[in-house]
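*Asks:* Below you'll find the structure I mean.
Since every read-out is calculated from the coordinates, none of them should be taken as a lab result. In this text, all values refer to a predicted model and were calculated from it rather than measured experimentally. Cβ placement follows ideal geometry from the backbone for every residue including glycine, while neighbour counts extend to all protein chains displayed.
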Amino acid sequence: MTAPEKERRVQEAVRRHARTRAFAEAEDVISAVLSDPGVQEARARVEAADTQLGRELCARLQPFQDRHDHALTEGDRPGSPRSAGASTAAGGDCAVR
């Protein structure tokens, strides 16, 4: 092995070591921040708000989901007047001929 090759291998080993150490230190800092009681409390509040908003949104969108489900049921029935002459228009909308 030549001297330049040996030097390159040493530099690569030093870079790998520095990178591994930096990641380990970052993980330690992240763990310390996430274990803080204030951070845990804030996280719990955010999760609770997210759950509440999700429930509210679901309730507000349920009529649209019901209409969609009903339209699919009606449109899938053989001999249905809507499905007999329907074709798909641009954008996925159903256009009756």
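*Asks:* For a Förster distance of 35 Å, can you work out the FRET efficiency between the beta-carbons of GLN11 and GLU56, rounded to the nearest 0.05?
*Replies:* Once the sixth-power term is evaluated, E becomes 0.05.
*Asks:* So what J values fall out for region 61-66 if you push phi through Karplus, 6.51 cos²θ - 1.76 cosθ + 1.60 with θ = phi - 60°, rounded to Hz, Gly and Pro as x?
*Replies:* Once rounded to whole Hz, the list reads 8, 4, x, 5, 5, 4.
*Asks:* So, counting K/R as plus one and D/E as minus one, what does the shell of residues with Cβ under 15 Å around ARG43 add up to?
*Replies:* Counting the neighbours of ARG43, the net charge comes to -3.
*Asks:* For region 2-15, just list the computed ³J(HN,Hα) in residue order, Karplus coefficients 6.51, -1.76 and 1.60, θ = phi - 60°, integers in Hz, with x standing in for Gly and Pro.
*Replies:* These are the phi-based 3J(HN,Hα) values: 7, 4, x, 5, 5, 4, 5, 5, 5, 4, 5, 5, 5, 4 Hz.
*Asks:* Regarding region 3-78, what is the average projected area of its C-alpha convex hull, in nm²?
*Replies:* 11.8 nm²
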